[in-house]
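First up is the structure itself, then whatever we jot down about it.
The values are calculated or read from the model by the stated rules, or taken from the named source; none is laboratory data. The structure presented is a predicted model; accordingly, all values stated were derived computationally and were not measured. Heads up, the Cβs are rebuilt from the backbone with ideal geometry, glycines too, and the neighbour counts pull from every protein chain shown.
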Number of protein chains: 2
Amino acid sequence: MSVTKIALVGIGKIARDQHVPTIAASDRFELVAAVTGHQPPEGIPGYRTIAEMVQAHPEVQAVSICTPPRGRMQVIAEALSHNLDVMIEKPPAATISEAETFAGMARDAGRVFYATWHSREAAAVEPAKQWLDGKTIRRVEVNWKEDVRVWHPGQAWIWEPGIGVFDPGINALSVLTHILPLPMMLQSAELRFPSNRDAPIAADLDYTHGDAPVRVEFDFDQRGPQTWDIVIETDAGHLKLSEGASKMAVDGEAVAVDDDPEYARLYRHFAKLLDARQSDADLSPFRHVADAYLLGRRREVGPFEE
Amino acid sequence: MSVTKIALVGIGKIARDQHVPTIAASDRFELVAAVTGHQPPEGIPGYRTIAEMVQAHPEVQAVSICTPPRGRMQVIAEALSHNLDVMIEKPPAATISEAETFAGMARDAGRVFYATWHSREAAAVEPAKQWLDGKTIRRVEVNWKEDVRVWHPGQAWIWEPGIGVFDPGINALSVLTHILPLPMMLQSAELRFPSNRDAPIAADLDYTHGDAPVRVEFDFDQRGPQTWDIVIETDAGHLKLSEGASKMAVDGEAVAVDDDPEYARLYRHFAKLLDARQSDADLSPFRHVADAYLLGRRREVGPFEE
């Protein structure tokens, strides 16, 4: 097996919590450098720019980009100009227009581009997709409710316009768009904006999937037990995905799925793309977020205090 | 020359003001029927559904869809199921996810699909594009300001979420995305919502085009003279498009352009697509609208009263 020398760009919470340990545990990737304005991971040399990093480490073949969505376009362009293959943390970009250009930029540069959706790698996602195959979907219900204070402590970028509760919400959308056989179409939405923030703290979304209704509720202000559940009623049974699609039950009976971590699978998928010199850039979850902002009625709620 | 028998779907202001007289004046199309819940154009038989229309007029080969953007997907699916070629009035759909499916639906059905942008057919658009060729763009400024009371009297759909001032604004975006050599990328936006409406009455949008700034101002509350101007400063002169890109001046000097009406050109383009059995479905103006909703900070302004 060849080993791909990789650099991380953007060392924030997700890089430290997931990318660094996942790459360390992988025998397919070797973390060689970090590009960051802050502290690099322990034992890894840090550089301010991709250009500086590449000059010091010409052996680096790929970058994994974990910066916030704003400014991704310049980062990706710089990586491609140095002939690096690219994977990016979700969400792919700040705007649809930007995100739509990435795959073409990579193709023009002859590089592999991977727009990741880590929740699609949750353990029950593929088993759920297989179970749904050939069944008729009658109703879908999603409850994706977590406490932003726990998961994004003190992070300012989460309240930038276009983010908010759609940061976790896009994970649910990435699972739905992967496992449902038809495209979902948004019919109406309500977005609830705290009076002191530029992004919604909660959203209710009503889609259709063929003739079946899909009800999606996102909440970023969930104290107590956290909920990342998807329930799908079909003509031949009732599927429940819970704990972010890491667990699965059919008609109330737990179904055994493996417990492979999401990010390990994500990097294995990137390795496959590198081996095949193929890109993977499905933007449908991000389009659904844009649709929610486009079609959503806005309601102001009380201020959010961390 | 063959004559294409066509039906209009949705008989509102734009159908009566533009589509009916344009088709009447064309020797390439013949208006055979209308599909509407209201009054059909004078002398044209009206039907409630595409299915009823096709049953009465099996000779109809194409439909031109002028219904509001909500519900387009069902209308297009029904038209394609009856083997009709399709052109649609802008904006293409209520959501990006819907709009992204149309071209594929038409391709699967073996039909021609044309997502129109009438302002791209304004007389000065192609001359402006040619004049810009090879020049370096330094700055772009757009002022697209009109009185909604005049142009959309009593129309409720214009205040649906996702529409508002972007109904005229998307015309400017359709011209910009056609004449500018690079993609524009939204950097920040402010959307001003009347306190009693679900869509913005004004928007300020700041884009980049390469290194050049693009400032776009939309206003739907413009009393007195109406303004549909685009100014482009280049390294080799100053271009001004006015009156919705029907007029053009370079360095202050008027440049003669023909005075072919937009909708006559639009239907001629549809005829060319039909002859070539090709589709034309550029969604970039609509993506820019979604981006504005995604990235725009919202400000509430006073109520809108017609």
Name the residue that is farthest from the chain's Cα centre (by Cα), counting only residues in segment B:127-150 that are outside any helix (DSSP H, G or I) and closer than 22 Å to B:Asp259 by Cβ. B:Glu146
Looking at (1) crowded, with 17+ Cβ neighbours inside 10 Å; (2) of a type outside the set (A, V, I, L, M, F, W, C); (3) away from chain B (no Cβ under 14 Å), which one does A:Gly296 not meet, given that it meets all the others? (3)
Tell me whether segment B:54-61 contains one or more residues that are closer than 24 Å to A:Pro183 by Cβ and either away from chain A (no Cβ under 14 Å) or modelled with pLDDT under 95 (or both). no
Regarding segment B:278-300, can at least one residue be identified that is part of a strand (DSSP E or B) and closer than 30 Å to B:Asp108 by Cα? yes
Return yes when A:Ser174 is in the same structural domain as A:His209 (by TED's automatic domain parsing) and assigned to a helix (DSSP H, G or I) and no when it is not. yes
Condition (residue is more than 13 Å from every other protein chain (Cβ to nearest Cβ), without any contact (Cβ under 8 Å) to a residue 24 or more places away in the chain and outside any strand (DSSP E or B)) applied to segment A:117-126: is it met by at least one residue? yes
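Rundown of residues vs (1) surrounded by 16 or more Cβ atoms within 10 Å (Cβ to Cβ); (2) under 29 Å from A:Glu300 (Cβ atoms), yes/no style:
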site: B:Lys129; (1), (2): no, no
site: B:Ile158; (1), (2): yes, yes
site: B:Gly162; (1), (2): yes, yes
site: B:Leu180; (1), (2): yes, no
site: B:Leu186; (1), (2): yes, yes
Which condition from (1) more than 14 Å from every other protein chain (Cβ to nearest Cβ); (2) touching a Ser or Thr at 6+ places or on another chain (Cβ under 8 Å) is the one that B:Ala79 breaks? (2)
For segment A:2-26, give me the residue count where each residue is touching a strand residue (DSSP E or B) at 6+ places or on another chain (Cβ under 9 Å), loosely packed, with under 15 Cβ neighbours inside 10 Å and under 25 Å from A:Val150 (Cα atoms). 0
Right, B:Ala56: over 26 Å from B:Ala156 (Cα atoms), touching a Ser or Thr at 6+ places or on another chain (Cβ under 9 Å) and not aromatic (Phe, Trp, Tyr) or not? no
Restricting to segment A:96-112, what's the tally of residues that are outside any helix (DSSP H, G or I) and over 19 Å from A:Met53 (Cβ atoms)? 1
In segment B:1-13, anything modelled with pLDDT of 95 or more and on the phi < 0 side of the Ramachandran plot is listed as B:Val3, B:Thr4, B:Lys5, B:Ile6, B:Ala7, B:Leu8, B:Val9, B:Ile11
Options B:Thr227, B:Thr177: the member that is within 28 Å of B:Ser26 (Cβ to Cβ), of a type in the set (Val, Ile, Thr) and out of contact with any Cys (no Cβ under 7 Å at 6 or more places or on another chain): B:Thr177
Is one or more of the residues making up segment B:103-113 closer than 30 Å to B:Ala172 by Cβ, within 14 Å of chain A (Cβ to nearest Cβ) and of a type in the set (Val, Ile, Thr)? no
Take segment A:99-153 and flag every residue that is among the charged types (D, E, K, R), more than 19 Å from A:Gly244 (Cβ to Cβ) and in the same structural domain as A:Ala249 (by TED's automatic domain parsing). A:Asp133, A:Lys135, A:Arg138, A:Arg139
Go over the candidates B:Glu243, B:Glu190 one by one and state the one that is farther than 21 Å from B:Thr136 by Cβ, in contact with a Gly (Cβ under 7 Å, 6 or more places away or on another chain) and of a type in the set (Asp, Glu). B:Glu190
Every residue in segment B:188-235 that is exposed (fewer than 15 other Cβ atoms within 10 Å of the Cβ), small (Gly, Ala, Ser) and more than 14 Å from every other protein chain (Cβ to nearest Cβ), please. B:Gly224
Is it fair to say A:Val255 is over 24 Å from A:Ala203 (Cβ atoms) and not assigned by TED's automatic domain parsing to the domain that holds A:Thr101? yes
Kindly list, by first and then second residue, each pair from a residue in segment B:228-257 that is farther than 24 Å from B:Val165 by Cα to a residue that is of a type in the set (Val, Ile, Thr) and surrounded by 19 or more Cβ atoms within 10 Å (Cβ to Cβ), limited to pairs with Cβ atoms under 7 Å and residues at least 6 apart or on different chains. B:Thr234/B:Ile137; B:Leu239/B:Ile232
Say we look at segment B:236-287 and pick out the residues that are in contact with a Ser or Thr (Cβ under 6 Å, 6 or more places away or on another chain) and within 14 Å of another protein chain (Cβ to nearest Cβ); which of these is surrounded by the fewest Cβ atoms within 10 Å (Cβ to Cβ)? B:Ser284
Counting only residues in segment B:264-306 that are out of contact with any Pro (no Cβ under 8 Å at 6 or more places or on another chain) and of a type in the set (Ser, Thr, Tyr), the one nearest to B:Gly244 (Cα to Cα) is identified as B:Tyr267
Among the candidates A:Arg107, A:Arg48, single out the residue that is within 23 Å of the chain's Cα centre (by Cα) and surrounded by fewer than 17 Cβ atoms within 10 Å (Cβ to Cβ). A:Arg107
Can you tell me which of A:Pro225, A:Pro153, A:Pro200, A:Pro183 is free of Cβ contacts under 8 Å to residues at least 12 places away in the same chain, out of contact with any Asp or Glu (no Cβ under 6 Å at 6 or more places or on another chain) and in a loop (DSSP other than H, G, I, E, B)? A:Pro225
